[in-house]
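Visitor: Below you will find the structure I want to go over with you.
The values are calculated or read from the model by the stated rules, or taken from the named source; none is laboratory data. No experiment lies behind these values; they were computed from the predicted model shown. Don't worry about glycine lacking a Cβ; one is built from the backbone with ideal geometry, like all the others, and counts go over all protein chains shown.
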Amino acid sequence: MLPLPVQFLIALVISAFNERMTLRFQYLHEENRVLREVFTEITGRKRVPFSDDQRRRLAVRGKALSPAERKACCQIVSPQTLLDWFRKLAVKKYDSSANRKTPGRPRKPEHIRELVIRLANENPSWGYTKIRDALRGLKHDIARATVARILEEAGIEPEPERSRKRTWKQFLESHWETLYACDFFAIETLGAFGAVRHMVFFVMELKTRKVHIAGVRIAPDDAWMKQMARNLLDPFDGFLRQATHLIHDRDPLLSKAWRSMLGDDGVKCVRIPRHSPNCNPFAERFVRSIRTECLNHFVILGERHLRHLLQEYVVHYNAERFHQGLGGRLITEQDQPGNDNGVSNVIRRRKRLGGILNFYHLNAA
């Protein structure tokens with residue numbers, strides 16, 4: 001046992017050391033309070049935002065303190081918050097939810113799901129069983145219930161509903177090869193006694209966008225329309241000789257007798273709904289094209305001048321105009337000389353109507 005003077009000396013040293021540590025602790029304690037007050041004044045927020053790493057460091061240090069020490073030391077967060085952070089840190093160590101497998105059978109690959117949806121959209125009359133059989137023919141073994149679940153998740157109705165709700169787009173695609181459209185548009189010409197209104201009747205083959213001007217008349221009537229039908233249905237050079245369906249609006253000139261005449265020759269007339277020009281979009285787009293690209297640039301002097309303009313534009317439209325709806329191609333592709341022998345080709349300009357319509361092509365030098 002140490003002598004009494006030595007014990008007294010050691011007690012004095014320890015007391016002085018504890019006093020200095022207390023002063024340091026009190027200063028750090030007050031500094032934390034000041035920093036928190038300054039942060040509140042600057043940001044207007046009472047809580048200090050911590051990162052995950054900062055929470056972890058405070059939780060580890062705070063857990064090592066006793067309850068009394070935490071109560072005395074904690075200034076930025078409460079002691080209870082420190083303990084909550086530590087519990088979450090401990091639980092996270094044993095969390096294996098990231099490695100947990102999804103219960104049940106694995107989900108079908110995305111390319112299989114896309115194929116099921118594609119078959120359903122392209123074949124409205126196919127039920128779950130037929131789609132399953134088609135997939136098996138493509139070397140994809142899949143159950144009927146899986147097909148039903150995939151279509152249900154994609155919001156696609158069963159076969160009876162899809163068959164009854166056939167869209168206009170599906171109708172066009174199914175009859176594309178033999179589908180035609182017709183329409184009228186009016187043009188004012190300058191006559192001897194003022195403006196004269198002419199009606200132009202045209203027909204379009206929808207697959208190729210090829211256009212045929214059927215006739216021009218000031219006051220078309222039922223007899224004239226029947227004659228136009230005979231011309232279009234001519235078995236040798238009639239524009240509708242290969243047609244099975246003709247789309248048109250509800251113009252009174254396209255009468256029941258006129259439709260019956262076409263029907264007797266195997267052409268079924270499909271009338272679009274009232275006030276729905278968007279159901280005949282290709283014909284409407286042609287009317288806009290011929291007006292903006294040709295007719296609006298001229299003062300048309302009579303029917304003869306009008307027929308000349310129509311003839312020139314239709315030739316340009318069918319053979320020399322690049323169509324965006326056809327991928328930037330011509331309706332009638334033309335062979336152009338190549339440049340295989342290293343001879344430079346000359347770019348030629350073919351102009352119509354005084355340069356209003358132009359077509360550029362290669363011509364071997």
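Visitor: Restricting attention to helices (runs of 4 or more DSSP H) lying wholly within the range 117-169, give those where 3 or more residues are in the same structural domain as residue 280 (by TED's automatic domain parsing) and at pLDDT below 90. First the steps, then the outcome.
Guide: Numbers: elements: 128-137, 144-153, 159-164.
Fully inside the range 117-169 and qualifying: nothing.
Visitor: Next question. Could you run through the range 175-203 and say how many residues are within 15 Å of residue 318 (Cβ to Cβ) and either of a type in the set (Phe, Trp, Tyr) or modelled with pLDDT under 95 (or both)? It would help to see each step written out before you state the result.
Guide: Of all residues in the range 175-203, those within 15 Å of residue 318 (Cβ to Cβ) come to 180, 202-203.
In the following step, the residues that additionally are either of a type in the set (Phe, Trp, Tyr) or modelled with pLDDT under 95 (or both) were identified as 180, 202.
The number of residues fulfilling the criteria is 2.
Visitor: So in the range 64-77, with the set limited to residues that are assigned to a loop (DSSP other than H, G, I, E, B) and in contact with a helix residue (DSSP H, G or I) (Cβ under 9 Å, 6 or more places away or on another chain), which one is farthest from residue 45 (Cα to Cα)? Write out each step before concluding.
Guide: Taking the range 64-77 as the starting set, the residues that turn out to be assigned to a loop (DSSP other than H, G, I, E, B) are 64-66, 74-77.
From what's left, in contact with a helix residue (DSSP H, G or I) (Cβ under 9 Å, 6 or more places away or on another chain): 65, 74-77.
On the way: 65: 28, 74: 18, 75: 15, 76: 13, 77: 14 Å.
Here the answer is 65.
Visitor: While we're here: Quick check: anything in the range 239-246 outside the structural domain of residue 356 (by TED's automatic domain parsing), part of a loop (DSSP other than H, G, I, E, B) and polar (S, T, N, Q)? Steps first, please.
Guide: Taking the range 239-246 first, the residues outside the structural domain of residue 356 (by TED's automatic domain parsing) are 239-246.
Next, from what is left, pick out any that are part of a loop (DSSP other than H, G, I, E, B): 239-244.
In the following step, the residues that additionally are polar (S, T, N, Q) were identified as 242, 244.
Yes; the residues of the range 239-246 include at least one that is outside the structural domain of residue 356 (by TED's automatic domain parsing), part of a loop (DSSP other than H, G, I, E, B) and polar (S, T, N, Q).
Visitor: Can you tell me which condition residue 324 does not meet? The list is (1) within 30 Å of residue 358 (Cβ to Cβ); (2) surrounded by fewer than 15 Cβ atoms within 10 Å (Cβ to Cβ); (3) touching a residue at least 40 places away in the same chain (Cβ under 8 Å), and all the others hold.
Guide: Residue 324 satisfies every listed condition except (3).
Visitor: Against the condition in a loop (DSSP other than H, G, I, E, B) and over 18 Å from residue 183 (Cβ atoms), how does residue 274 come out, does it pass? Outline the logic, then answer.
Guide: Values: in a loop (DSSP other than H, G, I, E, B): yes; over 18 Å from residue 183 (Cβ atoms): no.
Considered against the rule, which asks whether it is in a loop (DSSP other than H, G, I, E, B) and over 18 Å from residue 183 (Cβ atoms), residue 274 comes out as no.
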